[in-house]
Structures are given as structure tokens and as C-alpha cells.
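Here's the structure, in C-alpha cells; my notes come after.
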Amino acid sequence: MTAYSAARIQQLLARGADKSLTTKARGDALEELFCYLLEELPGVRTRRNSIDYFKSAEIDIAVVNRRVAEWLCAFPHLFLVECKNWDKPVDSATIATFKNKLDTRSIELGIIVAANGITGDEADRKSAYHIVDVAQAANRRILVITLEQLERIRTTEEFELLLVDRLLTLAATGGSF
């Protein structure tokens, strides 16, 4: 178990919350935070802001997982991350666009880091939750992680356990939370 730098996490959280910055700058801060959390895990490497060959889609974070970290053995070798540092929950159209990125690349797992969650009500499985369910039925898993969850992370073990908990919840219940 390795402790993260509390100062670095707080700096990135503060930058991401700074309303005087552009939406892109705030989103970049969330991407940087998530990359920092991932890259401190053994055997994990990331690449940020990749544009596809046709210049039609951007991938916020592509992740390679050598499955060295204890709890990440359950995760695939490759997965994608989309970060949305929005004031409102992420809508179903955005989740569907991310699902399409997973589909067109044959990537099994994606993580949406949504500062304020996703739209709809988890209990009735409507709006963005419905897209997560559709992805699950098509063998594409979309994990949803909120800013509130990230703010509680202090160690690599806590981060790994958060990721595994999200994966287990999705696999066992079909739900994202």
C-alpha cells in the first residue's frame, strides 16, 4: 500500500473546482488527477488525449494494465477512461458516445469519471443508467466513478478497492452504483 501525495491531490481537486477556469481546463485537471491515481498502481500506464485516425473522436485516457497490482487482476489489459468535470450529471447521449468508442475499438471496459454522477435514477434504470445497462448486455462494462468517491482516496489500496468494488457491483447487479 502506497500513500498518495495529499498535496498533489488537493492541488488537482482545487484546480478542477476553480470556476474561473474554462471547462476544458477543469476537465484537464480531473484527467490529470485520475492519471496520477492510476499511474501510481504497479503495472499501469496511461496515454492522454489520443485522437483517432479520422479525427472524429478523442479518448481522454487509454490505460494498459499489466495486471501486477493485486486487485487489478480482475481488469482487462486495456481499458478507456472518459473524464467529465461538469457541474451537472453526465447525460445519456454522452454515455452512449462513450459506449460507441468502446464498441468501435472492441474494448471491454470503460470508466466514466463523472464529477456529479450520471443522469436518471438508478432504481428505475432510466436515462444514462439505461445506457450503462445496454452496454453491460453487449459485453461492454462502463464503471461510473464520482468526484466524491475520488476525494476520499488516500492510498493505492483504497483506489484499487474502489475500482474493484465498482466492477463487482456492475457485474453482480448490472447497476453502476
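Within the range 50-70, is even one residue touching a residue at least 24 places away in the same chain (Cβ under 8 Å) and part of a helix (DSSP H, G or I)?
Checking the range 50-70: at least one residue is touching a residue at least 24 places away in the same chain (Cβ under 8 Å) and part of a helix (DSSP H, G or I).
Please go through (1) assigned to a loop (DSSP other than H, G, I, E, B); (2) in contact with a helix residue (DSSP H, G or I) (Cβ under 6 Å, 6 or more places away or on another chain) for residue 131 and return the number of the only condition it doesn't satisfy.
Residue 131 satisfies all of (1) assigned to a loop (DSSP other than H, G, I, E, B); (2) in contact with a helix residue (DSSP H, G or I) (Cβ under 6 Å, 6 or more places away or on another chain) except (1).
Of everything in the range 163-177, what is open to solvent by less than 30 Å² (accessible area, probe 1.4 Å) and on the phi < 0 side of the Ramachandran plot? Give them in sequence order.
Going through the range 163-177, the residues open to solvent by less than 30 Å² (accessible area, probe 1.4 Å) turn out to be 163-164, 166-167, 169-170, 174-176.
Within the range 163-177, 163, 164, 166, 167, 169, 170, 175, 176 meet the criteria.
Find all pairs meeting these conditions: Cβ atoms under 8 angstrom apart; at least six residues apart or on different chains; first residue within the range 23-37 and over 16 Å from residue 47 (Cα atoms); second residue of a type in the set (A, V, I, L, M) and assigned to a helix (DSSP H, G or I).
26/17
Cβ-Cβ distance below 7 Å, separation of 6 or more or different chains: which pairs start in the range 90-102 with a residue that is of a type in the set (Asp, Glu) and end on one that is crowded, with 18+ Cβ neighbours inside 10 Å?
Qualifying pairs under 7 Å: 91/119; 91/128.
Condition first: of a type in the set (D, E, K, R) and at negative phi. Now tell me which residues in the range 36-64 satisfy that. If you could, list the steps in order and put the result at the bottom.
Start the filter on the range 36-64 by keeping residues that are of a type in the set (D, E, K, R), which leaves 39-40, 45, 47-48, 52, 55, 58, 60.
If the condition is that a residue be of a type in the set (D, E, K, R) and at negative phi, then 39, 40, 45, 47, 48, 52, 58, 60 are the ones that fit.
Of everything in the range 136-162 that's buried (at least 16 other Cβ atoms within 10 Å of the Cβ) and part of a loop (DSSP other than H, G, I, E, B), which residue is modelled with the lowest pLDDT?
140
Within the range 1-47, restricting attention to residues that are farther than 22 Å from residue 160 by Cβ and of a type in the set (Asp, Glu), which residue is surrounded by the fewest Cβ atoms within 10 Å (Cβ to Cβ)?
Among residues in the range 1-47 that are farther than 22 Å from residue 160 by Cβ and of a type in the set (Asp, Glu), the one surrounded by the fewest Cβ atoms within 10 Å (Cβ to Cβ) is 18.
Are any residues in the range 65-81 of a type in the set (A, V, I, L, M), at pLDDT 95 or above and in contact with a helix residue (DSSP H, G or I) (Cβ under 7 Å, 6 or more places away or on another chain), and if so, which ones?
Within the range 65-81, 80, 81 meet the criteria.
Count, please, the residues in the range 94-149 that happen to be in contact with a Leu (Cβ under 8 Å, 6 or more places away or on another chain) and of a type in the set (Lys, Arg).
Of the residues in the range 94-149, 4 are in contact with a Leu (Cβ under 8 Å, 6 or more places away or on another chain) and of a type in the set (Lys, Arg).
Being open to solvent by less than 60 Å² (accessible area, probe 1.4 Å), within 20 Å of residue 65 (Cα to Cα), in a loop (DSSP other than H, G, I, E, B) and modelled with pLDDT of 85 or more: is that true of residue 107 here? Let's see the steps before the verdict.
Working: open to solvent by less than 60 Å² (accessible area, probe 1.4 Å): yes; within 20 Å of residue 65 (Cα to Cα): yes; in a loop (DSSP other than H, G, I, E, B): yes; modelled with pLDDT of 85 or more: yes.
Yes; evaluated as a whole, the condition is true for this residue.
Exactly one condition in (1) charged (D, E, K, R); (2) open to solvent by less than 50 Å² (accessible area, probe 1.4 Å); (3) farther than 19 Å from residue 150 by Cα; (4) modelled with pLDDT of 90 or more is not met by residue 52; state its number.
Result: residue 52 fails condition (4) only.
Scan the range 58-80 for residues that are under 14 Å from residue 101 (Cβ atoms) and either hydroxyl-bearing (Ser, Thr, Tyr) or open to solvent by 20 Å² or more (accessible area, probe 1.4 Å) (or both) and jot them down. Spell out the reasoning first.
The first filter runs over the range 58-80 and keeps only residues under 14 Å from residue 101 (Cβ atoms), leaving 58-63, 78-80.
Answer for the range 58-80, where residues must be under 14 Å from residue 101 (Cβ atoms) and either hydroxyl-bearing (Ser, Thr, Tyr) or open to solvent by 20 Å² or more (accessible area, probe 1.4 Å) (or both): 58, 62, 78.
The values are calculated or read from the model by the stated rules, or taken from the named source; none is laboratory data. Here the structure is a predicted model, which is why all the values come from computation and not from measurement. Note that each Cβ is placed from the backbone with ideal geometry, even for glycine, and that neighbours are counted across all protein chains shown. Each accessible area value is taken on the protein alone, full model and side chains, heavy atoms only, with ligands, DNA and RNA left out. Shrake-Rupley method; radii C 1.70, N 1.55, O 1.52, S 1.80 Å.
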